[in-house]
Structures are given as structure tokens and as C-alpha cells.
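Read the structure below first, then the notes.
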Amino acid sequence: ISDSSPETLEAHKIKTAFFTYPTLMEICRRLVTHYFLLTKEELTMWEEDPESFTVEETGGDSWKYSLRPCTEVLFIDIFHEYNEILTPVLLEMVHSLQGSTNIEDTNAILIKDAVYNAVGLAAYELFDSVDFDQWFKNQLLAELQVSHDRYKPIRRRVIWLIGQWISVKFKSDLRPVLYEAIRNLLQDCDLVFCIHLQSLLFFLNDCSPVDDFEFRTDQFLPYLESMFTLLFQLLQEVTQCDTKMHVLHVLSCVIERVNVQIRPYVGCLVQYLPLLWKQSEEHNMLRCAILTTLIHLVQGLGADSKNLYPFLLPVIQLSTDVSQPPHVYLLEDGLELWLVTLENSPCLTPELLRIFQNMSALLELSSENLKNCFKIINAYIFLSSSEFLQVYATDLCRSFCELLKDLTTEGQVQVLKVVENVLKVNPVLGPQMFQPLLPSVFRGIIDGERYPVVMSTYLGIMGRVLLQNARFFSLLLSQMACELGQELDQILGNMIEMWVDRMDNITQPERRKLSALALLSLLPSLNGVIQDKFCGIINISVEGLHDVMTEDSETGTYKDCMLMSHFEEPKATDDEEPPTEQDKRKKILALKDPVHTVSLQQFIYEKLKAQQELVGEQGFQALMETVDTEIVAQLQEFLQGF
């Protein structure tokens with residue numbers, strides 16, 4: 001205030017003069033006890049059309065333009081501004097309503113409903129003033145158990161009130177008691193209750209995993225079967241699109257939280273969703289909710305989701321086909337569903353392969369969904385690279401060549417990572433299939449690509465070609481020499497020199513080891529250029545050893561920490577999702593990858609020994625003298641025992 005203009009000071013003076021304690025107290029009481037009351041019309045609508053009543057109350061058009069939501073916003077703003085003054089006023093109203101209310105006194109019931117509404121709206125402001133856990137145990141829980149029909153407004157409001165407080169202050173230990181109450185109340189035939197209860201269930205499952213708010217699967221599992229069954233019955237019973245969306249959202253949340261534990265209970269939902277999809281042809285937002293539910297279902301079912309393919313794959317096909325009008329609404333969720341379907345697929349079916357025909361048009365869009373498109377392509381590569389690439393490699397390579405002209409640096413890296421994965425999975429055929437892309441990668445290396453993340457990916461790709469397909473690398477080298485009009489050895493020397501110089505651009509340990517293995521694969525050699533670069537190759541190799549070697553504290557010997565000798569089923573901890581079929585495929589692939597099967601220590605030793613035998617002791621010593629003595633000492637320490 002001291003720095004404000006005269007006008008601001010005058011406004012503050014007027015505001016302070018008007019909002020006195022008596023005025024604020026009267027405004028608070030009047031808003032709650034007059035404007036928050038349920039009207040006779042609302043109570044009639046509740047009785048005659050409970051679903052419409054709930055839809056309206058949670059954001060329907062007539063509700064938006066009615067008086068109560070405006071007064072609620074006014075109440076929230078005033079309470080926030082003057083919470084120190086108004087908190088005692090509201091708490092006094094709460095204390096005056098302790099215990100159950102006379103079911104014959106309709107006005108008293110409506111007043112209590114209004115006061116509880118106010119406490120819910122002001123939950124964050126009342127954090128330090130209300131012991132909600134005690135209030136829940138001592139009063140609210142008992143009020144949920146009053147079964148008389150006239151007490152419906154209070155039961156409904158208590159459900160809503162708990163939903164408001166659940167992410168503010170509610171101990172995790174109380175959740176089972178609340179789950180029990182929700183289960184009992186979900187059996188109530190009143191739709192308004194059921195809809196509010198499933199909203200509360202959503203809050204319970206969806207609140208932030210912090211402190212006491214964290215969802216614990218073990219607490220919920222005893223209630224899972226009955227809750228899921230009751231929610232499914234509610235989904236079938238409701239008729240309005242908005243309500244079905246809301247129930248589906250809660251079902252999705254439950255499935256997501258319990259993951260594989262849902263498998264015994266989803267049969268009914270799996271059978272119903274195709275019918276609901278057909279019925280929702282004109283309701284794209286409901287179809288989005290169905291897609292979200294399917295995403296979590298596929299994740300929960302894992303490899304068993306293959307049984308859903310007769311319904312699932314046509315849904316993906318329609319949702320990701322840019323020639324179909326619904327794609328405007330369905331594309332984002334459709335791509336996500338496509339991805340999780342691939343990640344959890346045990347094998348590539350002809351129908352799953354056929355859907356990829358949609359991808360070409362999606363890549364041309366160059367939209368914000370491009371990242372998921374690349375993830376989908378990678379998933380096909382990991383699922384069945386040979387079968388997939390035989391059909392689509394040519395089109396994919398053509399699309400990539402076009403994309404690389406216009407994409408951002410991040411986009412370019414995504415494209416290049418796909419190529420890198422192809423070479424990793426299929427080192428023999430991969431370079432041939434994506435041959436049109438490789439000259440630009442080679443040029444990027446020798447020209448010293450300025451973006452480190454792009455350079456790192458270039459070197460990862462070239463490392464794969466050099467290490468795992470030396471014949472193709474020689475052909476590529478000859479092609480580049482011809483295109484650039486330079487000697488073959490000169491181009492090779494430039495590439496090695498730039499590789500050594502830009503090694504620090506590579507931050508991933510796997511790629512760093514790959515670079516060391518790739519450059520070492522040039523040895524043994526009598527080639528003058530390679531011998532000229534011997535020092536750089538050794539420097540990279542020793543850097544690689546520092547990256548991957550760990551010392552055994554008992555024996556004092558070094559071992560390569562990246563080596564994998566046998567397949568271990570990927571395991572998930574309690575706070576992680578279980579491994580997908582794709583996770584297992586990646587593990588199996590790693591067992592064929594030189595990065596994980598070749599000991600860098602052993603490889604260096606064998607290559608140096610072969611070079612020594614090729615050039616003789618004197619020639620080898622001359623090469624070693626080009627290497628810094630400190631690097632030689634480190635190398636000797638790593639190679640102890642050989």
C-alpha cells in the first residue's frame with residue numbers, strides 16, 4: 001500500500017470501510033443459508049430425473065447461468081480474502097449442526113447441506129482449522145449410514161464434501177473405512193448417489209501421490225471386484241453421454257491404478273465396450289473416453305489384450321485414419337492406444353501390420369503427434385523388424401528423407417533414433433533398407449554437425465554400421481569418396497578425427513562403448529591413415545573403459561558392467577508398472593547386441609595383440625609412443641591379468 005497511487009489508496013480505503021466485520025459476517029451467513037439452499041424445483045428434478053439433475057449440477061447449461069454457481073464463486077473469493085475473519089463464522093455454523101438432523105425438518109436438512117457445501121468450497125482455506133479426519137470418523141461417516149429417504153441430500157453432500165477434502169487432508173489409514181462406505185452406498189438405487197460416489201472414487205484414485213494422499217493398491221484390492229461390478233452396472237444404467245463419459249473415466253482410473261490385478265473382473269466391460277462404441281457414433285467425446293478406457297485395459301491385460309483385437313484394431317484403424325472426419329477428435333488417444341497395443345502385443349498379426357498403412361499420412365501432418373508416431377514405428381521394429389521392414393521400409397525411408405528437411409533438431413533426432421534402432425535390430429539388412437539416409441549422416445559427421453545431440457545420434461548410427469556391417473561401411477565410404485571427389489583414405493581419416501574430437505557429445509554410456517568398439521574394429525590395419533589415428537582410437541577406448549568398467553572390491557579386478565550373459569525377466573517394484581512384452585523383447589535384443597555381449601576390455605586386448613602381430617614389436621611400440629603416457633598407464637591398469 002505504501003507504494004500505491006492515491007487512487008489505489010482511496011479504493012483500499014473504500015473497500016476497508018465497506019467490508020467491516022458485521023458486513024462480512026452477514027454476507028457469509030446470507031450466502032450460505034439463503035443462496036446455497038437446494039430449491040424446490042431442484043429437489044423435484046432429483047426425484048423425477050436424477051441423471052439430468054446430476055448433469056446439470058455438475059456443469060449443465062442451465063446450471064452455468066443460474067444464481068448458485070455465481071454465489072459460490074463470490075463466497076470463495078470473499079472467504080479467500082477475509083479467511084481470518086470468516087473462518088470462525090463458518091466453524092460456528094458447523095458446530096451448531098453437530099449430530100444427525102431431524103429427518104422431519106426439511107429446512108434443517110437443507111441448511112446442513114448448504115453449510116457442508118461451504119466447508120467443501122473453502123477446504124484449502126480451512127486446512128489448519130478443521131481436523132477433517134476426526135470429523136469424518138465422529139460425524140460424517142455416521143451420516144452416510146442414515147438410510148432414510150429424506151436424508152438423501154445430506155448423504156449426497158457428505159460424499160461430495162469428502163471428495164473436496166480428500167486431496168487436502170485425509171489420512172491414508174482411513175481409506176479402507178471410506179471404501180467400505182462407498183461400496184455400501186453404490187448399491188443404492190439412487191443414480192445421484194452412485195454418480196457422486198464414483199466421482200469420489202475418482203478423487204481417491206487420482207489424487208497426487210504425495211504424503212497421506214498416496215493411493216495404496218493393497219487397501220483397495222479387497223473392494224475391487226464389488227466396486228468394479230457396481231461401476232459397470234452404473235455405466236449400463238445411465239443414458240446421457242456426459243454421465244457415461246464420467247463413469248468410464250472412473251473405471252479407467254481404477255484399471256490404471258490396479259493394473260494387472262484387474263484381469264479377473266474385466267470380462268463384462270470388454271463385452272460391453274463394442275456395443276457402446278457403436279452407440280456412440282455421433283458422440284466423439286464419449287468415444288474419446290472409450291479410447292482412454294481401452295488404453296488402460298490393454299495395459300492391464302498385457303499380452304492377453306490380443307483377445308481384444310477383433311474390436312481393438314478396427315477402433316485404432318478408424319481413430320488414426322486422417323481421411324476420416326472423426327480423427328480430429330480421436331487421433332491423439334487413438335495413437336496412444338495403437339502404441340500400448342504394440343507394446344503389449346505378443347506377436348505381429350497381419351491385421352496389426354496392415355494398420356501401419358495409416359502412418360504415411362500421419363507423418364505428412366508433422367503435427368504435435370509426431371513423437372508418438374515415432375514411438376509406434378519403433379514398437380513395430382522391436383515387435384518384428386524383418387516382417388515389418390520388408391513391407392514398409394521403402395515408404396518409411398522416403399517419408400524420413402522428406403521429414404529431415406523441415407524438422408526441428410528434436411524431430412531430426414527422433415527420426416535418426418528410429419534408424420539407429422533398425423540397425424540395432426537388423427544390422428545386416430538395416431543399412432541397405434535405409435541406405436538413402438546414410439550419406440547425409442556421414443556428411444554430418446565429417447562436417448562437424450554443430451548440435452551435440454544430433455552429432456551423438458549420427459555417431460551412434462555410424463558406429464552400428466562400422467561395427468556390425470563392415471562390408472556395407474566400405475561401400476558407403478567408396479560412395480562418399482565418389483560424391484565428394486576425395487580420396488577414400490582422406491575421408492576415412494576425416495571421419496575418425498571428427499569422431500575422436502566430438503566424443504564428448506555422446507553422453508549415453510551405451511553409445512560411448514559402441515564408439516570405442518566401432519573404432520577398434522578398424523584394427524588390425526596396415527592402412528597409414530588408421531595408423532595415423534591410432535592415438536585417437538586408443539584415447540576413445542580408454543575413455544570407454546572408464547565409462548563401463550567397475551572394480552570388484554574383493555578381487556581387485558575390473559569387469560564390464562554392461563555385459564549381459566542370460567535373459568532375466570524384467571521385474572517391476574511395487575511402485576512401478578509391470579514389464580510389457582516390448583520390455584521383454586528389448587531384453588532379448590540386448591543379448592545379441594555387441595554393446596552387451598562383447599567385453600570392451602577383452603576386445604581392446606585382442607585388437608592390440610593383433611595389431612602387434614601384424615606390424616611387429618618395433619612397429620607396435622612406435623604406435624604406442626604416439627599415445628600419452630598417462631593414457632598408456634591407465635590402459636595397462638585396465639588390462640592387468642591379460
May I ask you to list pairs of residues, at least six apart or on different chains, whose Cβ atoms are under 7 Å apart, with the first in region 320-339 being in contact (Cβ under 8 Å) with a residue 24 or more places away in the chain and the second being open to solvent by 60 Å² or more (accessible area, probe 1.4 Å) and basic (Lys, Arg)? 339/375
If you check 231, 224, 273, 235, which single one turns out to be open to solvent by less than 10 Å² (accessible area, probe 1.4 Å), modelled with pLDDT of 95 or more and part of a helix (DSSP H, G or I)? 273
Residues being open to solvent by 20 Å² or more (accessible area, probe 1.4 Å) and among the small types (Gly, Ala, Ser) - total across region 112-163: 3
Kindly provide the set of residues from region 501-518 that are within 15 Å of residue 560 (Cβ to Cβ) and surrounded by fewer than 21 Cβ atoms within 10 Å (Cβ to Cβ), ordered by number. 509, 510
Determine if region 11-27 includes at least one residue that is surrounded by 15 or more Cβ atoms within 10 Å (Cβ to Cβ), in contact with a Cys (Cβ under 9 Å, 6 or more places away or on another chain) and either farther than 19 Å from residue 160 by Cα or outside the structural domain of residue 164 (by the TED database) (or both). no
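Out of region 344-358, which residues are surrounded by fewer than 22 Cβ atoms within 10 Å (Cβ to Cβ) and closer than 25 Å to residue 584 by Cα?
Within region 344-358, 344, 346, 347, 348, 349, 350, 351, 353, 354, 355, 356 meet the criteria.
Mind checking which residues of region 367-381 are among the small types (Gly, Ala, Ser) and open to solvent by less than 30 Å² (accessible area, probe 1.4 Å)?
379
Please report, ordered by residue number, the helices (runs of 4 or more DSSP H) entirely within region 82-178 with at least 3 residues that are touching a residue at least 60 places away in the same chain (Cβ under 8 Å). Break it down into steps so the answer makes sense when it comes.
Working: elements: 83-95, 106-121, 132-135, 141-144, 152-165.
Correct list: 83-95, 106-121.
Okay, residues lined up against (1) more than 26 Å from residue 501 (Cα to Cα); (2) under 29 Å from the mean Cα position of the chain (by Cα); (3) among the basic types (Lys, Arg); (4) in the same structural domain as residue 495 (by the TED database):
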{"residue": "407", "(1), (2), (3), (4)": "yes, yes, no, yes"}
{"residue": "412", "(1), (2), (3), (4)": "no, yes, no, yes"}
{"residue": "416", "(1), (2), (3), (4)": "no, yes, no, yes"}
{"residue": "425", "(1), (2), (3), (4)": "yes, yes, no, yes"}
{"residue": "431", "(1), (2), (3), (4)": "no, no, no, yes"}
{"residue": "439", "(1), (2), (3), (4)": "no, no, no, yes"}
{"residue": "443", "(1), (2), (3), (4)": "no, no, yes, yes"}
{"residue": "446", "(1), (2), (3), (4)": "no, no, no, yes"}
{"residue": "449", "(1), (2), (3), (4)": "no, no, no, yes"}
Being more than 30 Å from residue 347 (Cβ to Cβ) and open to solvent by less than 60 Å² (accessible area, probe 1.4 Å) is the filter here, so list the residues in region 586-611 that pass it. 599, 600, 601, 603, 604, 607, 608, 610, 611
Here is a list of conditions, (1) at pLDDT 90 or above; (2) open to solvent by less than 40 Å² (accessible area, probe 1.4 Å), and residue 50 meets all of them except one; can you say which number that is? (1)
State whether the residues of region 465-487 include one that is within 31 Å of the chain's Cα centre (by Cα), without any contact (Cβ under 8 Å) to a residue 60 or more places away in the chain and open to solvent by 20 Å² or more (accessible area, probe 1.4 Å). no
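How many residues does region 519-565 contain that are in a helix (DSSP H, G or I) and surrounded by 15 or more Cβ atoms within 10 Å (Cβ to Cβ)?
20
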Report whether or not residue 240 is among the polar types (S, T, N, Q) and within 22 Å of residue 356 (Cα to Cα). no
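What do you reckon, is residue 69 open to solvent by less than 30 Å² (accessible area, probe 1.4 Å) and assigned to a helix (DSSP H, G or I)?
Numbers: open to solvent by less than 30 Å² (accessible area, probe 1.4 Å): yes; assigned to a helix (DSSP H, G or I): yes.
It is true that residue 69 is open to solvent by less than 30 Å² (accessible area, probe 1.4 Å) and assigned to a helix (DSSP H, G or I).
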Here is a list of conditions, (1) farther than 23 Å from residue 591 by Cα; (2) within 30 Å of the chain's Cα centre (by Cα); (3) not charged (D, E, K, R), and residue 459 meets all of them except one; can you say which number that is? (1)
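How many residues are more than 27 Å from the chain's Cα centre (by Cα) and within 11 Å of residue 136 (Cβ to Cβ) if we restrict to region 157-168?
First pass over region 157-168, keeping only residues more than 27 Å from the chain's Cα centre (by Cα): 157-162.
With the extra rule that they be within 11 Å of residue 136 (Cβ to Cβ), the set shrinks to 158, 161-162.
The number of residues fulfilling the criteria is 3.
Those residues that are under 22 Å from residue 490 (Cβ atoms) and not in a loop (DSSP other than H, G, I, E, B), I need them from region 419-447; list them, please. Before you say what the answer is, go through the steps one by one.
First pass over region 419-447, keeping only residues under 22 Å from residue 490 (Cβ atoms): 438-447.
438, 439, 440, 441, 442, 443, 444, 445, 446, listed by residue number.
Out of everything in region 320-361 that is charged (D, E, K, R) and in a helix (DSSP H, G or I), what residue ends up being nearest to residue 382 (Cα to Cα)?
Looking only at region 320-361, we keep the residues that are charged (D, E, K, R), and these are 321, 332-333, 336, 343, 351, 354.
This time we only want the ones that are in a helix (DSSP H, G or I), so: 332-333, 336, 343, 351, 354.
On the way: 332: 22, 333: 22, 336: 17, 343: 9, 351: 17, 354: 17 Å.
Only one residue fits best here, namely 343.
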Which residue pairs have Cβ atoms under 7 Å apart, sit 6 or more places apart or on different chains, and have a first residue in region 266-280 that is in contact (Cβ under 8 Å) with a residue 24 or more places away in the chain and a second that is open to solvent by 50 Å² or more (accessible area, probe 1.4 Å)? 272/236
Quick one: is residue 498 over 19 Å from residue 423 (Cβ atoms) and crowded, with 18+ Cβ neighbours inside 10 Å? yes
Condition met for residue 384 (under 25 Å from the mean Cα position of the chain (by Cα), open to solvent by less than 10 Å² (accessible area, probe 1.4 Å) and under 30 Å from residue 303 (Cα atoms)): no
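The values are calculated or read from the model by the stated rules, or taken from the named source; none is laboratory data. Small disclaimer: the values here were computed from a predicted structure and weren't measured. Cβ atoms come from the backbone with ideal geometry, glycine included; neighbour counts cover every protein chain shown. Note: areas computed on protein heavy atoms with side chains; ligands, DNA, RNA excluded. Shrake-Rupley method; radii C 1.70, N 1.55, O 1.52, S 1.80 Å.
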